1. Being touching a Pro at 6+ places or on another chain (Cβ under 6 Å) and under 17 Å from ALA103 (Cα atoms) is the requirement here; does ARG22 meet it?
2. Under the condition of being in contact (Cβ under 8 Å) with a residue 24 or more places away in the chain and among the charged types (D, E, K, R), which residue from region 175-206 is nearest to GLY27 (Cα to Cα)?
3. Applying the selection to region 5-26, what residues are surrounded by fewer than 24 Cβ atoms within 10 Å (Cβ to Cβ) and either basic (Lys, Arg) or in contact with a Leu (Cβ under 6 Å, 6 or more places away or on another chain) (or both)?
4. As an exercise: evaluate VAL67 against (1) touching a Phe, Trp or Tyr at 6+ places or on another chain (Cβ under 6 Å); (2) open to solvent by 20 Å² or more (accessible area, probe 1.4 Å); (3) over 15 Å from ILE144 (Cα atoms) and give the number of the one condition it does not meet.
5. Among residues belonging to region 27-63 that are at negative phi and part of a loop (DSSP other than H, G, I, E, B), point out the one that is most open to solvent (accessible area, probe 1.4 Å).
6. Can you name the residue in region 73-93 that is open to solvent by less than 10 Å² (accessible area, probe 1.4 Å) and within 13 Å of the chain's Cα centre (by Cα) and, of all such residues, is modelled with the highest pLDDT?
7. Restricting attention to region 163-172, and to residues there that are open to solvent by 60 Å² or more (accessible area, probe 1.4 Å) and charged (D, E, K, R), which single residue is modelled with the highest pLDDT?
8. Residue under question is THR15, and the condition is that it be polar (S, T, N, Q) and modelled with pLDDT under 95; does it hold?
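The values are calculated or read from the model by the stated rules, or taken from the named source; none is laboratory data. Just so we're clear, the structure is a prediction, and the values are computed from it rather than from any experiment. Backbone-built Cβ (ideal geometry, glycine too); neighbour counts: all protein chains shown. Accessible surface is based on the protein model in full, side chains and every heavy atom, while ligands, DNA and RNA are left aside. Shrake-Rupley method; radii C 1.70, N 1.55, O 1.52, S 1.80 Å.
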Amino acid sequence: MNEIQKITPRRFRETPGLDDWRVLGEGACAYFRTGTFAAGARFVAELAALPETADRAPDVDVRPDGVTVRLVTVTDELYGLTEGDPALALRISRLAADLGLTADPSALTAVQVTVDAMAIDKVTPFWRALLGYEHRAGSPEDLIDLRRRNAAFYFQQMDTPRPQRNRVHVDVWVPYDQADSRIAAALAAGGTLVTDAHAPSHWVLADPEGNEACVGTL
């Protein structure tokens, strides 16, 4: 059996023809507007019939007005994009176009909850049991829903206690070309910019009471 080769988000993003797709976190996503649930179901049926998806089924979320498709490989050793994903994404986009569907990258968002912890190895068993999650491949700091329905949890090492601030925050991944407008909207809604030192990778914002959130593009 050939070994699965992981690729970087940058390699996926720079593949020609993938304008429909955005890398959010460690998976590539596309949202196709269908207008009706029936049209979305037809798209998914056609998607399931593609030979390329026989051994490489994407995650699919069907709603009354559109379908979200996500490409991410999850094994005991690997979590992320692999070398076959760019070609599969191109094939899915061609299928959507043949069915008259339009992609809308601005509709995409991915959310992760981040917990600051002094002793990650002692904290994660609690959250693993409570959520019914499992450790992400190769990472003792990440817990994921194996059905990939709910937000992932990431445990960030903290060197000293910080009682003056919250120790749980939300990471929000948005398409790279939507970050400025999403941040502007959050600031206009009463938020503040804590730091943009890591932009354009991510920005740290806070709500009016100081609860923090990171907006990321990778």
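1. In short, yes.
2. ASP177
3. If the condition is that a residue be surrounded by fewer than 24 Cβ atoms within 10 Å (Cβ to Cβ) and either basic (Lys, Arg) or in contact with a Leu (Cβ under 6 Å, 6 or more places away or on another chain) (or both), then LYS6, ILE7, PRO9, ARG10, ARG11, PHE12, ARG13, GLY17 are the ones that fit.
4. VAL67 satisfies all of (1) touching a Phe, Trp or Tyr at 6+ places or on another chain (Cβ under 6 Å); (2) open to solvent by 20 Å² or more (accessible area, probe 1.4 Å); (3) over 15 Å from ILE144 (Cα atoms) except (2).
5. ASP55
6. Among those that are open to solvent by less than 10 Å² (accessible area, probe 1.4 Å) and within 13 Å of the chain's Cα centre (by Cα), it is LEU81.
7. Selected residue: ARG167.
8. no
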